[in-house]
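The structure appears right after this line, and notes come after that.
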Amino acid sequence: SGLAFVAEQLGIDLARIVAFGDGENDRELLGAAGFGFAVAGADPSLLELADATCEGPEHEGVAAVLEAALDLLA
């Protein structure tokens, strides 16, 4: 996958990558990432594959997840 290629080029372990998706085309992305979030309203097949879900764009769900992760690191 593209994610695996970029991770290898940057020397990042896939297990340390968090990915977000909402469409069927994001299945490979979420499957390759160490932790995959399906955005609210995502394709049902993606919801089954994801490790967790987050709110959609109207609630800034991706930003909320990233802020929470950064708070844990602080």
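The values are calculated or read from the model by the stated rules, or taken from the named source; none is laboratory data. Here the structure is a predicted model, which means the values were calculated and not measured. Here the Cβ is made from the backbone with ideal geometry for all residues, glycine too, and neighbour counts use every protein chain on show. The area values use the complete protein model at the heavy-atom level, side chains included, leaving out ligands, DNA and RNA. Shrake-Rupley method; radii C 1.70, N 1.55, O 1.52, S 1.80 Å.
Some observations on this one:
- Per residue, the solvent-accessible area of the chain (1.4 Å probe, heavy atoms of protein chains only, all protein chains present) comes to 67 Å².
- Against the empirical 2.2 N^0.38 Å (N residues), the chain has a Cα radius of gyration ratio of 1.10.
- Descending semi-axes in Å of the range 1-44, equivalent ellipsoid built from Cα gyration tensor: 21, 10, 6
- Gaussian network model of the chain, Cα within-10 Å springs - most flexible of Glu58, Glu48, Glu28: Glu58
- Taking all protein chains together and a 1.4 Å probe, the residues Ser45, Ser1 rank Ser1, Ser45 from largest to smallest accessible area.
- Rolled with a 1.4 Å probe across the full set of protein chains, the surface gives Glu8 an accessible area near 140 Å².
- Its relative contact order, with pairs defined as Cα atoms under 8 Å and 6+ residues apart, puts the chain at 22 percent.
- Cβ-placed point charges (K, R +1; D, E -1), dipole of the chain about Cα centre in debye, nearest 20: 240 debye
- Using the rule -39500 (n - 2.57) for each DSSP H run of four or more residues, divided by the residues of the chain, the 222 nm mean residue ellipticity is -12500 deg cm²/dmol.
- Computed label-point distance, nm, for sites Ala68 and Asp43 using a 7 Å Cα→Cβ extension: 2.5 nm
- Applied to the range 38-50, the Karplus parametrisation 6.51 cos²θ - 1.76 cosθ + 1.60 on θ = phi - 60° returns per-residue 3J(HN,Hα) values of 8, 7, 3, x, 5, 3, x, 5, 6, 4, 5, 7, 5 Hz, with x for Gly and Pro.
- Share of carbon and sulfur in the accessible heavy-atom surface of the chain [1.4 Å probe, %]: 55 percent
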